[in-house]
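The structure under discussion appears below in the form of structure tokens.
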Amino acid sequence: MEEIEVAPPQENELRIKIVATGVCHTDLYHLFESMHKEGFPAVLGHEGAGYVESVGPGVTEFQPGDKVIPLFIAQCGDCRFCKNPKTNQCEKGWAADRYDVMSALDSRFTCKGKKVLQFMGTSTFSQYTVMNQMAVAKIDPDAPLDKVCLLGCGVCTGYGAAVNTAKVEPGSTCAVFGMGAVGLAAVMGCKNAGAKRIIAVDTNPEKFEKAKVFGATDFVNPKDHDKPISQVLSEMTNGGVDFSLECVGNVGVMRSALESVVKGWGVSVLVGWTDMFDISARPIQLIAGRTWKGSLFGGFKSKDGVPAMVKAYLEKKVKLDEFITHRMTLDQVNDAIELMKNGQCIRTVLSVTPQ
Ligand code: CXF
Ligand code: ZN
């Protein structure tokens, strides 16, 4: 824990008081510090929620006291990506060109006079952060910040991958690989899209109970079989599932997920993050009519999608409470990271500022 200075917001910026933050696997990125020195030092955390504390010149959309969720993908509204309904990419913000480095070029943080960067442009493991208004979502004043913080990353990522990217269809059969928060959210997306059968795949059988809560109908543990998991799924589903979602971030699993979808129309979506190895597959898999896609932040245009997901939670159309297995305070962040590394939690929510 370090004391840092958080400068006032500049033009078009907001200073946000973070109330709560989830801990996501991408926060383990600091493990790669040696590979991307230009991204450090940085304040980690990107799944937070809080209040606007103050606004800089030119801010018209927000007022102090508004409940907000910081967004690691901007939605400027003006670029060719924002104007195209097919994508949630945006030309503005760190994410436009610093995926490898993972921290914004600029920041409002200093520590003992030295610049500290904002991881994923957000930095929610901090009592205050400063964001441009094009990367902040204003949410319903009734939203409980210690729950809706999960919509800042994991839940939107998995849910949207099923609903927006795969476009799961009513009556379809789906397979979701990896039952962490993102995979469970993908299961919930498949269910809400009307899938008839949702096969949860994980090597940890303890995850099945949780998967059922979100709508899984079947559970397959690859360790229980001595043949490839794609063959197991193909035998269970008369030739393969209609949709598969890889929520692990492992290139071998990505290939298995592709090979698990039915030829002709099967769609497989890469959701889990990895950028270290190449993916591979036999061309015939695609030539035979399968589609291989990727999804970032569930394909949600961030400023529009996050408030809509908050509303869906308040209307009880999506679950959030069931993801939260642990609650801690910000000073216990390292314990939360350990839990996550050891696969002992679904989501830990850290209370940053008492509500
Ligand atoms: C991240 C993965 C790395 C790129 C930005 C989005 N997803 C969730 O943490
Ligand atoms: Zn994340």
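The values are calculated or read from the model by the stated rules, or taken from the named source; none is laboratory data. Because the structure is a prediction, the values reported are computed rather than measured. Here Cβ is always computed from backbone atoms with ideal geometry, including for glycine, and neighbour counts include all displayed protein chains.
Selection over segment 186-204 of residues that are buried (at least 24 other Cβ atoms within 10 Å of the Cβ), free of Cβ contacts under 8 Å to residues at least 40 places away in the same chain and not in a helix (DSSP H, G or I) gives a count of 4.
Within segment 51-89, the set of residues being of a type in the set (A, V, I, L, M, F, W, C) and over 16 Å from Gly152 (Cβ atoms) comprises Val55, Val59, Phe62, Cys76, Cys79, Phe81, Cys82.
Does segment 66-89 include one or more residues that are touching a residue at least 24 places away in the same chain (Cβ under 8 Å) and on the phi > 0 side of the Ramachandran plot? Within segment 66-89, one or more residues are touching a residue at least 24 places away in the same chain (Cβ under 8 Å) and on the phi > 0 side of the Ramachandran plot. Scanning segment 248-302 for residues that are touching a residue at least 60 places away in the same chain (Cβ under 8 Å), of a type in the set (Phe, Trp, Tyr) and either at positive phi or surrounded by fewer than 15 Cβ atoms within 10 Å (Cβ to Cβ) (or both) yields a single hit, Phe297. Report whether or not Thr26 is buried (at least 16 other Cβ atoms within 10 Å of the Cβ), of a type outside the set (Gly, Ala, Ser), within 16 Å of ligand 1 (Cβ to nearest atom) and assigned to a helix (DSSP H, G or I). Against the criterion (buried (at least 16 other Cβ atoms within 10 Å of the Cβ), of a type outside the set (Gly, Ala, Ser), within 16 Å of ligand 1 (Cβ to nearest atom) and assigned to a helix (DSSP H, G or I)), Thr26 qualifies.
A quick yes/no check of all residues on (1) modelled with pLDDT of 95 or more; (2) within 18 Å of Leu28 (Cα to Cα); (3) away from ligand 2 (no atom under 15 Å from the Cβ):
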residue: Ser54; (1), (2), (3): yes, no, yes
residue: Phe62; (1), (2), (3): yes, no, yes
residue: Ile73; (1), (2), (3): yes, no, no
residue: Arg80; (1), (2), (3): yes, no, yes
residue: Lys86; (1), (2), (3): yes, no, yes
residue: Tyr99; (1), (2), (3): no, yes, no
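Going by the conditions given, is Glu11 surrounded by fewer than 23 Cβ atoms within 10 Å (Cβ to Cβ), modelled with pLDDT of 95 or more, away from ligand 2 (no atom under 16 Å from the Cβ) and farther than 24 Å from Met328 by Cα? Judged against the criteria, Glu11 is a match.
Sub-7 Å Cβ pairs linking a first residue in segment 11-27 that is touching a residue at least 24 places away in the same chain (Cβ under 8 Å) to a second residue that is part of a strand (DSSP E or B) and within 11 Å of ligand 1 (Cβ to nearest atom), at least 6 apart or interchain, are Thr21/Glu47; Gly22/Glu47; Cys24/Glu47, ordered by first then second residue.
When segment 228-237 is filtered for residues that are in a loop (DSSP other than H, G, I, E, B) and either more than 17 Å from Ala200 (Cβ to Cβ) or free of Cβ contacts under 8 Å to residues at least 60 places away in the same chain (or both), only Pro228 remains. Count of segment 64-108 residues, restricted to those that are buried (at least 17 other Cβ atoms within 10 Å of the Cβ), away from ligand 1 (no atom under 12 Å from the Cβ) and within 21 Å of Glu2 (Cα to Cα), is 3. Among residues that are over 24 Å from Asp331 (Cβ atoms), within 16 Å of ligand 1 (Cβ to nearest atom), surrounded by 17 or more Cβ atoms within 10 Å (Cβ to Cβ) and not acidic (Asp, Glu), Val52 is not included. Screening segment 109-185 for strands (runs of 3 or more DSSP E) wholly inside it with 1 or more residues that are surrounded by fewer than 24 Cβ atoms within 10 Å (Cβ to Cβ) returns the ranges 109-111, 114-118, 128-132, 136-138. Residues in segment 14-52 that are within 21 Å of the chain's Cα centre (by Cα) and among the small types (Gly, Ala, Ser) were compared, and the one that is nearest to ligand 2 (Cβ to nearest atom) is Gly22.
Can you confirm whether Ile18 is within 30 Å of Glu322 (Cα to Cα) and either modelled with pLDDT of 95 or more or in contact with a Lys or Arg (Cβ under 7 Å, 6 or more places away or on another chain) (or both)? It is true that Ile18 is within 30 Å of Glu322 (Cα to Cα) and either modelled with pLDDT of 95 or more or in contact with a Lys or Arg (Cβ under 7 Å, 6 or more places away or on another chain) (or both). Quick check on segment 139-160. Is at least one of its residues within 13 Å of ligand 2 (Cβ to nearest atom) and of a type in the set (S, T, N, Q)? For segment 139-160, residues within 13 Å of ligand 2 (Cβ to nearest atom) and of a type in the set (S, T, N, Q): present.
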